[in-house]
1. Let me confirm something: among 66, 14, which residue is β-branched (Val, Ile, Thr), free of Cβ contacts under 8 Å to residues at least 40 places away in the same chain and within 16 Å of the ligand (Cβ to nearest atom)?
2. Within the group 60, 71, which residue is closer than 23 Å to residue 9 by Cβ, within 8 Å of the ligand (Cβ to nearest atom) and not assigned by TED's automatic domain parsing to the domain that holds residue 163?
3. What tally of residues in the range 18-57 results from selecting those that are in contact with a Lys or Arg (Cβ under 9 Å, 6 or more places away or on another chain), more than 11 Å from the ligand (Cβ to nearest atom), open to solvent by 60 Å² or more (accessible area, probe 1.4 Å) and not in a helix (DSSP H, G or I)?
4. Mind counting the residues in the range 73-126 that are assigned to a helix (DSSP H, G or I), open to solvent by less than 70 Å² (accessible area, probe 1.4 Å) and either of a type in the set (Gly, Ala, Ser) or at pLDDT 95 or above (or both)?
5. Would you call residue 161 of a type outside the set (Phe, Trp, Tyr), within 16 Å of the ligand (Cβ to nearest atom) and assigned to a helix (DSSP H, G or I)?
6. Six or more apart or on different chains, Cβ atoms under 8 Å: show the pairs whose first residue is in the range 102-131 and in contact (Cβ under 8 Å) with a residue 40 or more places away in the chain and whose second is more than 16 Å from the ligand (Cβ to nearest atom) and assigned to a helix (DSSP H, G or I).
Amino acid sequence: MAMKLYFSSSSPFVRKVRIAAIELGLDDRIELIPTAVVPGKPNADYAREANPLRRVPALTTESGQVLYDSTVICEYLDDRAGGGRLIPQDRERRWQVLTSHALAQGMCESAVLLRYETWLRPEAQRWSVWIDDQWDKIDSGLKWFEEHEQVLREPIDLGQIALGVLLGYLDFRSPDKDWRQDAPKVAAWYGTFCERPSLRETEPANPPS
Ligand SMILES: N[C@@H](CCC(=O)N[C@@H](CS)C(=O)NCC(=O)O)C(=O)O
């Protein structure tokens, strides 16, 4: 039995898992299950069968265990592939990678919340202070990566994948956001990173409606 990944083509968190699977050589053992998850439209079947929080991704392993969220799934896949490949075992690098991953993951969470705020919430109920605050978190994270470019050196790791996914999501959902202007070193790194087959094969797209 193949592993099953509950999947949406627009989700940066799903994309992170798919990139990790490709980089680890495990993608051909994963079947993608398109899954509709929108706040305010509860998908009760998915909540019962997979993730009670109704968020993607979730992964059913070959033995039938259900795992979430994206970080747990990436840790599982890394372990399945022998361990220490995307999340290093070497102590110093391990804590650095997990921390830069946590930062990029938090930036992704802000970017997805911004999408919900502007796409789902009726215009009259939007709160500009909250919107500006989410953008400020993204900007502040970008500044950190710009000032710590050493974390972007090879080999590829989970922190870099999460950052690549965030930048791809910004280009996808907020093409007017000129993040390259403020973060030229990150932009130069991303220009090369996004040419990897794992990123090219997983470019974000709107799910069919
Ligand atoms: N911390 C979770 C976040 C997952 C998440 O927020 N996914 C979004 C799609 S991009 C979702 O399923 N949203 C539906 C909802 O929040 O109801 C992870 O890393 O997997």
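The values are calculated or read from the model by the stated rules, or taken from the named source; none is laboratory data. All values reported here derive from a predicted model rather than from experimental measurement. Reconstructed Cβ throughout: ideal geometry from the backbone, glycine too, with neighbour counts over all protein chains shown. When the accessible area is computed, the model is the full protein with side chains, heavy atoms only, and any ligands, DNA or RNA have been set aside. Shrake-Rupley method; radii C 1.70, N 1.55, O 1.52, S 1.80 Å.
1. On the way: 14 fails: free of Cβ contacts under 8 Å to residues at least 40 places away in the same chain.
Within the list 66, 14, the selection yields 66.
2. Details: 60 fails: within 8 Å of the ligand (Cβ to nearest atom).
Matching residue, one of 60, 71: 71.
3. Final tally of qualifying residues: 2.
4. Count: 23.
5. Details: of a type outside the set (Phe, Trp, Tyr): yes; within 16 Å of the ligand (Cβ to nearest atom): yes; assigned to a helix (DSSP H, G or I): yes.
When the stated conditions are applied, residue 161 passes them.
6. 103/144; 103/145; 104/145; 107/142; 114/131; 114/135
One line per residue, one yes/no per condition, for (1) in a helix (DSSP H, G or I); (2) of a type in the set (D, E, K, R):
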{"site": "132", "(1), (2)": "yes, yes"}
{"site": "136", "(1), (2)": "yes, yes"}
{"site": "145", "(1), (2)": "yes, no"}
{"site": "175", "(1), (2)": "no, no"}
{"site": "181", "(1), (2)": "yes, no"}
{"site": "191", "(1), (2)": "yes, no"}
{"site": "202", "(1), (2)": "no, no"}
